[in-house]
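The values are calculated or read from the model by the stated rules, or taken from the named source; none is laboratory data. Keep in mind the model is a prediction, meaning the values are calculated, not measured. Cβ sites come from the backbone with ideal geometry, for glycine too, and all protein chains shown count toward neighbours. Accessible surface is based on the protein model in full, side chains and every heavy atom, while ligands, DNA and RNA are left aside. Shrake-Rupley method; radii C 1.70, N 1.55, O 1.52, S 1.80 Å.
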Amino acid sequence: MKPLSDDHRTRVTRMLIRRAFTDLLSHKPIQSISIKELCEQAGINRGTFYAHYTDIYDLLHSIEDEMLADFDKALQSLLTAEDRHLHPVEISAEIFQCLKDNADLCTVTLGDYGDKDFAVRLINIGRERCAEVYGRYFRQATPQQIDYFYAFVSAGCIGLLRRWLDDGMVLSAREMAAMAESIMLRGVGALDGGEAPPPSHQ
């Protein structure tokens, strides 16, 4: 049998540690998770853990930083000069795909014992990138209007993410992006395929 390369062995080990950690974190707060318990869950020894991380918090920050880098990279690549013609749904699809690729961390972050600051960091990255896109599509909007709009839709997208996770992410990232864009741009009209009705006057 061909021996594993060091890089492959490292990836496998980190994956086992991450899987064990997110599973434990879905049931208890991080301060209640011991290295011993994590190693037993991951099927590794303490020396292997310390070869990769200094402690539990270093592990958490490493996982979060990797996702944040992936998230930012995905958005950056879509906002290069060559991609200025992209519709906002393309941006949303990339965001949902990144979230799907990190479903374990998203589930934990939105759970009772997740790192709420991490969700804020994700939203702040999205705010900067999406403000640029929506500013190009809605040229009459002021920066303040776009900022308030983003605050509203980002909270809504977190709700969509929760439901998507609960449903086992059976819909594709593209389908979720299209749904999110339809709701954002057309409001309740997205439910019947038509325009949102005007408000009634009493």
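Would you say His85 is assigned to a loop (DSSP other than H, G, I, E, B), open to solvent by 20 Å² or more (accessible area, probe 1.4 Å) and either within 20 Å of Ile123 (Cβ to Cβ) or at pLDDT 90 or above (or both)? Answer is no for this residue. Where helices (runs of 4 or more DSSP H) fall wholly inside the stretch 1-72, the ranges with 2 or more residues that are within 16 Å of Asp104 (Cα to Cα) and charged (D, E, K, R) are 6-25.
Could you list, in sequence order, all residues of the stretch 53-70 that are more than 26 Å from Arg127 (Cα to Cα), surrounded by 14 or more Cβ atoms within 10 Å (Cβ to Cβ) and not hydrophobic (A, V, I, L, M, F, W, C)? Within the stretch 53-70, Tyr53 is the sole residue that qualifies.
Which of the residues belonging to the stretch 119-145 are in a helix (DSSP H, G or I) and either in contact with a Lys or Arg (Cβ under 7 Å, 6 or more places away or on another chain) or modelled with pLDDT of 85 or more (or both)?
Across the stretch 119-145, the qualifying residues are Pro143, Gln144, Gln145.
Of the residues making up the stretch 164-174, one or more are modelled with pLDDT of 85 or more, open to solvent by 90 Å² or more (accessible area, probe 1.4 Å) and within 22 Å of Gln76 (Cβ to Cβ). Out of curiosity, is Ala93 over 18 Å from Arg18 (Cα atoms) and modelled with pLDDT of 75 or more? It is true that Ala93 is over 18 Å from Arg18 (Cα atoms) and modelled with pLDDT of 75 or more. Note on the stretch 14-48: residues that are hydroxyl-bearing (Ser, Thr, Tyr), at pLDDT 95 or above and surrounded by 14 or more Cβ atoms within 10 Å (Cβ to Cβ) total 1. Within the stretch 107-114, identify whether any single residue is modelled with pLDDT of 85 or more and either surrounded by fewer than 20 Cβ atoms within 10 Å (Cβ to Cβ) or within 23 Å of Tyr148 (Cβ to Cβ) (or both), and answer yes or no. Within the stretch 107-114, one or more residues are modelled with pLDDT of 85 or more and either surrounded by fewer than 20 Cβ atoms within 10 Å (Cβ to Cβ) or within 23 Å of Tyr148 (Cβ to Cβ) (or both).
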